[in-house]
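Please find one structure pasted underneath; my questions will follow.
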Amino acid sequence: MASPTPRYRFAPSPTGYFHVGGARTALYNWLLALQNDGVFVLRVEDTDESRNHPQWTQGITDALGWLGIDSSDSHFEGPYFQSSYAAEHVAAAEAIFVAGHGYYCDLTTEQIQERAKASGLNGYDGYSRDRGLGPGPGHVLRFKVPAGQTVVHDTVRGEVDFANDTIEDFVLLRSNGSPVFLLANVVDDIAMNITDVVRAEEHLPNTPKQQMLWNALGSPPPRWAHVPVLVNEQRKKLSKRRDKVAVEQYRDEGILPEAMVNYLMTLGWAPHGDTEIVPWSHIVEEFKLENVNHSPAFFDVKKLNAFNGEYIRMMSLDKFIEACQPVLKSEQVPWPPERFNPDVFNSIAPLVQTRVAVLAEVPALVDFLFMEEPPIDDAAFTKAFGSDWACPTLVEIATRYETCAWSVDVLKTEVEAVGAKHDLKLGKLQGPLRIAITGRSVGTPLFEPIELLGRAESLRRINSAVQRASR
RNA sequence: GCCCCCAUCGUCUAGUGGCCUAGGACACCACCCUUUCAAGGUGGCGGCACGGGUUCGAAUCCCGUUGGGGGUGCCA
C-alpha cells in the first residue's frame, strides 16, 4: 500500500483568529509539510456568516505570508461554511444512523438535566438508545458511543486512553436538521484526504469523539498531534480580549518575521547547542514533532524583543536601512514628512542599529534631526542644567563651534578642551549639550548628529537652550 | 461533578537510569570597555513541587498527593 502524500491540516483557532499560538501551530504544520514532502492545508471553518470571511481569511493568509508560510495552494474555506456542503454532512450523519451507530432522541435540554439530576449521573444517559425513534420535528440524531476504550495515538503525547463510558452520546444533527461542527470537521477532513492533524492541546479531550466518527465513517483516523497551548503570565490560554495576540501587531511594531518565527519555535522546543538563535533552514532540518514539549509555554515579549535585537544587529547596514523604511514613513512619525532626509538618516543608521530591539524604536532615536523644534524632556533638562558649570561651559563650547572646523573629530576635541579647562570629563560635560541638541539625556553618540545638523542649526539650538536655562 | 493533559532556575528550555556538583537562552546583578545610552566581553544570582516505591544507582521509571491548565452545548 503506497503511503499517500501527507496533508497537514491547520485551522487558525477555534475562535477564528490567527493569534500567536495559532501562528506557532501553523509553523509546525508548515515545517512538517516541508520535511515530508507534504501539503500544508489551511482550513477556515465557521458557520457564523456574520463574520466577514473574505476579509478575515485575507488577514490570516497575509499573516502566514509574513511568517514565510506559503498557503496559496492550500487555502481553503471550510465546506462547512458553505451551506451547499451541509448536505454532505447530513448525508454522512444519515449513513451513521443507517449503519446502526446513531439514533434519534426527542429529549429537551431541560429533560436531560432533570434525568441527570435524578440519577446522579452526569450528562445525557442514553435514554433513547433503544426507543427506535426516527427523524422528526424536535428530534436530534445522537452518536451511539460504543462500549470499551478509545485510544488516541498522539505524536506529541504518546497514547492517551479514554474510557468510552465517560463520553456521552453526543449530537450529530440538531433538531433543525443542521450538522454539528464536530461531525462536519471529520467529514471535511475525510473529503480533503487529511492525514495529519496538528493542533493545540485544547482539542485533545474531543479527539476520541472525532476518532469514533472516522471509524464509523469507515476511514482510518489521521495521525494526531496535540501541541501545548501558549499562555499569559497568569498561565491562562492566550486570549484575544486580554492579551496582545495578533501577529499583525508584532509586525507593525517592527518585529522581523525571522525573529518571530525563531522565537515561536523555541516555545515547546529547542534546537541543540548553546544558542537558540538559529535560521529557519536549521529548524527545518532538526525539528521533530516527537520532541515537542508537553507543557504550556508563556509567551515572553521581552525575549521576543531580545531575539529581534539580535536579528537587527545581524543585518547588513543596507538591509537595516531598508527594514526601517516602513517605520520612517509611517504616519506616526513625529516630524513633518517633507523634512525627512534619507541621506542624513543613512549616515546615522549604523549608530541606531545597535540601539534598538524593535524597529518602532527607531524614530525616537533620530527625530531631533528632522524636527524644527525637538521637544525637550523637562526633567532631563532641569537635571542637566542644575549644576553651575552647565551654562558657562556650554557657552564656551558654542563660541568654539562658531569658528572650528566642522567634523566629528574636531567637534569632539573642542568639547574635550573645554572639559580640560574645567576639569570635567567628557561624559559629564556633554550632558547639557546633548539636551540642547536632541532634547533628551540619552541617545546615539553625540558628535555625529551634530555634524549632520550643521553649524547654524546646532548653534541655534545651543543658544536657545542657554536662554531657556537662564529664565 | 466527571474526563483529559501538564509539572526542571522568575521565564523558555537541555535532559529518554550512571557522563548531573543539573547545561543553555531571556531577564536580573556586578565588573571591563566606553562619549550618554546601547552593543560587546567576563563573572554572578537562581531550579528538578511533595511523599512513597523500583534500582547498586532516579530530574529521568511506577504509584499517590498537591498545584496548574483544558474539555465536558441542539457554540465554533
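Please go through the stretch A:250-283 and give me each residue that is surrounded by fewer than 13 Cβ atoms within 10 Å (Cβ to Cβ) and over 23 Å from A:Val358 (Cα atoms), ordered by number.
A:His272, A:Gly273, A:Asp274, A:Ser281, listed by residue number.
Here's something else I'd like to know. Just one of (1) within 16 Å of RNA strand B (Cβ to nearest atom); (2) under 19 Å from A:Ser441 (Cα atoms) trips up A:Pro334, so point out which.
If we test A:Pro334 against (1) within 16 Å of RNA strand B (Cβ to nearest atom); (2) under 19 Å from A:Ser441 (Cα atoms), just (1) comes out false.
When you scan the stretch A:420-470, how many residues do you find that are within 10 Å of RNA strand B (Cβ to nearest atom) and assigned to a loop (DSSP other than H, G, I, E, B)?
8
Would you confirm, using the coordinates I've provided, whether A:Ile190 is away from RNA strand B (no atom under 13 Å from the Cβ), of a type in the set (A, V, I, L, M) and outside any helix (DSSP H, G or I)?
no
So if I check each of A:Ala380, A:Ala405, which one is surrounded by 12 or more Cβ atoms within 10 Å (Cβ to Cβ) and farther than 21 Å from A:Asn341 by Cβ?
On inspection, the qualifying residue turns out to be A:Ala380.
Within the stretch A:386-407, identify whether any single residue is within 30 Å of A:Ile321 (Cβ to Cβ), touching a residue at least 40 places away in the same chain (Cβ under 8 Å) and among the hydroxyl-bearing types (Ser, Thr, Tyr), and answer yes or no.
yes
Take the residues in the stretch A:269-312 that are touching a residue at least 60 places away in the same chain (Cβ under 8 Å) and β-branched (Val, Ile, Thr); name whichever of them is farthest from RNA strand B (Cβ to nearest atom).
A:Val284
Right, something else. Considering only the stretch A:241-249, I want to know if a residue exists there that is among the small types (Gly, Ala, Ser), within 30 Å of A:Ile312 (Cβ to Cβ) and surrounded by fewer than 20 Cβ atoms within 10 Å (Cβ to Cβ).
yes
Within the stretch A:140-169, take every residue that is of a type in the set (A, V, I, L, M, F, W, C) and more than 7 Å from RNA strand B (Cβ to nearest atom) and give me the one that is nearest to the chain's Cα centre (by Cα).
Among them, the one singled out is A:Val156.
Do we have A:Phe320 as in a helix (DSSP H, G or I) and in contact with a Cys (Cβ under 8 Å, 6 or more places away or on another chain) here?
no
Something else now. Could you run through the stretch A:402-414 and say how many residues are of a type outside the set (Lys, Arg) and either in contact with a helix residue (DSSP H, G or I) (Cβ under 6 Å, 6 or more places away or on another chain) or outside any helix (DSSP H, G or I) (or both)?
Counting residues in the stretch A:402-414 that are of a type outside the set (Lys, Arg) and either in contact with a helix residue (DSSP H, G or I) (Cβ under 6 Å, 6 or more places away or on another chain) or outside any helix (DSSP H, G or I) (or both) gives 7.
So that you can scan it fast, the table gives a plain yes or no per residue for (1) buried (at least 18 other Cβ atoms within 10 Å of the Cβ); (2) touching a Lys or Arg at 6+ places or on another chain (Cβ under 9 Å); (3) under 23 Å from A:Gly102 (Cβ atoms):
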{"residue": "A:Ala191", "(1), (2), (3)": "no, no, yes"}
{"residue": "A:Ala200", "(1), (2), (3)": "yes, yes, no"}
{"residue": "A:Gln211", "(1), (2), (3)": "yes, no, yes"}
{"residue": "A:Ser219", "(1), (2), (3)": "no, no, yes"}
{"residue": "A:Pro222", "(1), (2), (3)": "yes, yes, yes"}
{"residue": "A:Pro228", "(1), (2), (3)": "yes, no, no"}
{"residue": "A:Ser239", "(1), (2), (3)": "no, no, no"}
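Another question about this same structure. Restricting attention to the stretch A:288-309, does a residue exist that is closer than 20 Å to A:Thr438 by Cα and in contact with a Lys or Arg (Cβ under 9 Å, 6 or more places away or on another chain)?
no
Which of the residues that make up the stretch A:353-372 are assigned to a helix (DSSP H, G or I) and in contact with an Asp or Glu (Cβ under 7 Å, 6 or more places away or on another chain)?
Selection gives A:Ala360 alone.
Outside any strand (DSSP E or B), small (Gly, Ala, Ser), surrounded by fewer than 20 Cβ atoms within 10 Å (Cβ to Cβ) and more than 8 Å from RNA strand B (Cβ to nearest atom), is that true of A:Gly177?
yes
Just so you know, all these numbers are worked out from the coordinates, no wet-lab data involved. As the structure is a computational prediction, the values presented were derived from the model and not from experiment. Positions of Cβ are backbone-derived with ideal geometry, glycine not excepted, and every protein chain shown enters the neighbour counts.
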